[in-house]
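J.: Quick one: the structure is below, questions incoming.
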Amino acid sequence: MRRLIGQLLKFGIVGIIAFLIDIGIMNLLIMGPHLNNVLAGAISFLISLVFNYLASMRYVFKHREDMARWMEMAVFLVSSIIGLGINEAILWMGTAMLPPDAITTMHARYLLYSNVAKITATVVVAIWNFLIRKWLLDAPAPGKPVNPRSVAHRLGVWSLSHRPFGWR
C-alpha cells in the first residue's frame, strides 16, 4: 500500500507539471492565433505527452523485465491515443453550446469554457492513464512474484520474442 501511495504522489507531481505544460500551450494557442480549442487542445496534449512519457517511465512506473521497451512504448502510445480521444471529446463538449463565432465574438467566455473543459478532461484522462499504465506497464512490487497469467506478463513475454527491427 505504501508503494501505491508513493506512486500516486509521483504520478500526481508528473501530472501537474504535464498539465501546466498542456493548459499553458493550449491557452497560448487560443489567445494568440485564435485556434479552435479542440485543435489547440490536441497540439498541447501531444506536446505535454512527450514530457509525461519520459517522466512517468523514469520516476513513476518501474520497467517490467518481462516486457520489451518497444511494447512499453506501444502500450503507452495506444493508451495515450485513447486519452487524447477522451480529452478532445470533453473539450468539444465544453464549448459545443457556444455559437460558432464565439472564439472571436465571445473570446473570454470561450476561453473560460475551454479551461473548465480542459481541467475536467485532465482529471478523467489522468484516472484512465494511471489505471491502464499500472495494469499493463508497472513491474510487480519487489519480492512479489510475477503472475504468469496476467495480461501484462503475457503481453511482455510475447513482446520479448517478437522484436520489430531488432529493438530491445
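The values are calculated or read from the model by the stated rules, or taken from the named source; none is laboratory data. Everything numeric here is computed off the predicted structure, so don't read it as measured data. Every residue, glycine among them, receives a Cβ derived from its backbone with ideal geometry; neighbour counts consider all protein chains shown.
J.: Of all residues in the stretch 19-40, count the ones that are at pLDDT 95 or above and either small (G, A, S) or exposed (fewer than 13 other Cβ atoms within 10 Å of the Cβ) (or both).
T.: 3
J.: Any residue in the stretch 88-109 that is over 18 Å from G32 (Cβ atoms) sitting within a Cβ distance under 9 Å of a residue that is in a helix (DSSP H, G or I) and among the basic types (K, R)? List the pairs, counting only those 6 or more apart or interchain.
T.: From the stretch 88-109, the pairs are I90/K118; G94/K118; L98/R109.
J.: Continuing with the same structure: Take the residues in the stretch 43-72 that are free of Cβ contacts under 8 Å to residues at least 24 places away in the same chain and out of contact with any helix residue (DSSP H, G or I) (no Cβ under 8 Å at 6 or more places or on another chain), then tell me which one is nearest to D22 (Cα to Cα).
T.: V50
J.: One residue is enough: does the stretch 36-52 have a residue meeting the conditions more than 11 Å from the chain's Cα centre (by Cα) and more than 30 Å from A108 (Cβ to Cβ)?
T.: Within the stretch 36-52 (the criterion being more than 11 Å from the chain's Cα centre (by Cα) and more than 30 Å from A108 (Cβ to Cβ)), the answer is no, since none of the residues qualifies.
J.: Moving to a separate point now. How many residues, within the stretch 84-94, are crowded, with 21+ Cβ neighbours inside 10 Å and closer than 29 Å to W158 by Cα?
T.: Total satisfying the criteria: 0.
J.: Would you confirm, using the coordinates I've provided, whether S159 is over 22 Å from I17 (Cβ atoms), surrounded by fewer than 19 Cβ atoms within 10 Å (Cβ to Cβ) and polar (S, T, N, Q)? I'd like the intermediate steps shown before the answer.
T.: Values: over 22 Å from I17 (Cβ atoms): yes; surrounded by fewer than 19 Cβ atoms within 10 Å (Cβ to Cβ): no; polar (S, T, N, Q): yes.
So S159 does not fit the description; no.
J.: Oh, and also: From the list N129, N115, which residue is surrounded by 13 or more Cβ atoms within 10 Å (Cβ to Cβ) and more than 12 Å from I30 (Cβ to Cβ)? Write out each step before concluding.
T.: Numbers: N115 fails: more than 12 Å from I30 (Cβ to Cβ).
Just a single option satisfies the conditions, and that option is N129.
J.: Okay, next question. Applying the selection to the stretch 139-161, what residues are part of a loop (DSSP other than H, G, I, E, B) and either closer than 24 Å to G15 by Cβ or free of Cβ contacts under 8 Å to residues at least 40 places away in the same chain (or both)?
T.: A139, P140, A141, P142, G143, K144, P145, N147, P148, R149, S150
For every residue, the table says whether it meets (1) among the charged types (D, E, K, R); (2) buried (at least 16 other Cβ atoms within 10 Å of the Cβ); (3) over 22 Å from the mean Cα position of the chain (by Cα).
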| position | (1), (2), (3) |
| --- | --- |
| V125 | no, yes, no |
| K134 | yes, yes, no |
| L137 | no, yes, no |
| G143 | no, no, yes |
| R149 | yes, no, yes |
| R154 | yes, no, yes |
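J.: Do we have any residue at all in the stretch 44-64 that's more than 22 Å from W135 (Cα to Cα), in a helix (DSSP H, G or I), touching a Lys or Arg at 6+ places or on another chain (Cβ under 6 Å) and of a type outside the set (G, A, S)?
T.: Scanning the stretch 44-64, I find no residue that is more than 22 Å from W135 (Cα to Cα), in a helix (DSSP H, G or I), touching a Lys or Arg at 6+ places or on another chain (Cβ under 6 Å) and of a type outside the set (G, A, S), so the answer is no.
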